[in-house]
1. Work out the FRET efficiency for A95 and S142 from their Cβ-Cβ distance, taking R0 = 41 Å, and round it to the nearest 0.05.
2. Return the long-range amide H neighbours of A62 (sequence gap of 5 or more, or a different chain), with a cut-off of under 5 Å between placed amide H atoms.
3. Of the peptides 42-52, 154-164, 92-102, how do they stack up when ordered by the mean number of other Cβ atoms within 10 Å, highest first?
4. In Å, what Kirkwood hydrodynamic radius results for the range 17-136 from the alpha-carbon pair distances?
5. Return the sequence-ordered ³J(HN,Hα) values of the range 27-44 in whole Hz as given by the Karplus equation 6.51 cos²θ - 1.76 cosθ + 1.60 applied to θ = phi - 60°, using x for Gly and Pro.
6. Per residue, how big is the convex hull of the range 72-155 when only Cα atoms are used? Give it in Å³.
7. Which whole-number percent gives the relative contact order of the range 17-136, counting Cα pairs below 8 Å spaced six or more residues apart?
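Bear in mind that the values in this text are calculations on the coordinates, not laboratory data. Because the structure is a prediction, the values reported are computed rather than measured. Virtual Cβ from ideal backbone geometry, glycine too; neighbours counted across all protein chains shown.
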Amino acid sequence: MERPAPPGAPDLDEGRAADDPLRTVRLLRRSWIYLSETVRTVTAPEGLSPIDYLALYYVDRADGLHPSTLSRTLGVRPPAVSEILDRLEARQCLARTREEPDRRTVTVRIRPAGHALVEQLSERIASSLARLFERLSPSIRSVLGPGLQEFVAMLRQQAAIDGLPDVVQWADEP
């Protein structure tokens with residue numbers, strides 16, 4: 001995991017992001033790290049990691065989800081998804097069921113306790129993020145969301161051209 005440079009260290013990302021795609025990607029990664037830590041401050045008291053929360057969030061939003069789809073959406077390998085699902089199932093937050101007639105097919109569904117936890121955490125996360133975004137100028141806020149939506153749309157189009165799976169086909173990011 002990338003850590004912020006210590007105070008006084010040189011900024012290795014000097015330059016304008018608009019003119020340097022690598023810098024832009026590094027800034028997006030740094031942003032994701034900081035945002036993940038913000039989410040962790042909300043999920044940790046509940047005994048969840050941010051990835052546990054995201055798994056619950058996606059399962060809650062879907063009407064039954066296959067573990068392989070969750071693996072692609074979370075960007076983690078299937079064994080890691082199995083561990084995440086084991087933890088959440090042990091907490092009675094979700095259930096894995098075998099489908100008829102093909103009992104090899106497993107579907108993950110949210111349970112009432114998991115739905116309640118997702119709703120509670122989502123509200124708290126939204127509140128924490130809103131406090132951060134309020135610190136941005138209105139002009140930046142007005143272009144940040146639309147700009148990122150356009151960027152993601154372009155990435156999805158390129159993935160389709162490259163024959164890659166659409167990992168965000170239904171994933172409404174929290």
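1. That gives a FRET efficiency of 0.45.
2. Answer set, sorted by chain and number: none.
3. Packing order, densest peptide first, comes out as 42-52, 92-102, 154-164.
4. Over the range 17-136, the inverse of the mean reciprocal pair distance is 15.7 Å.
5. Each residue's phi maps through the Karplus curve to give 5, 4, 5, 4, 4, 4, 4, 4, 5, 4, 5, 4, 5, 4, 5, 8, 7, 4 Hz.
6. Residue-normalised Cα hull volume stands at 149 Å³.
7. 25 percent
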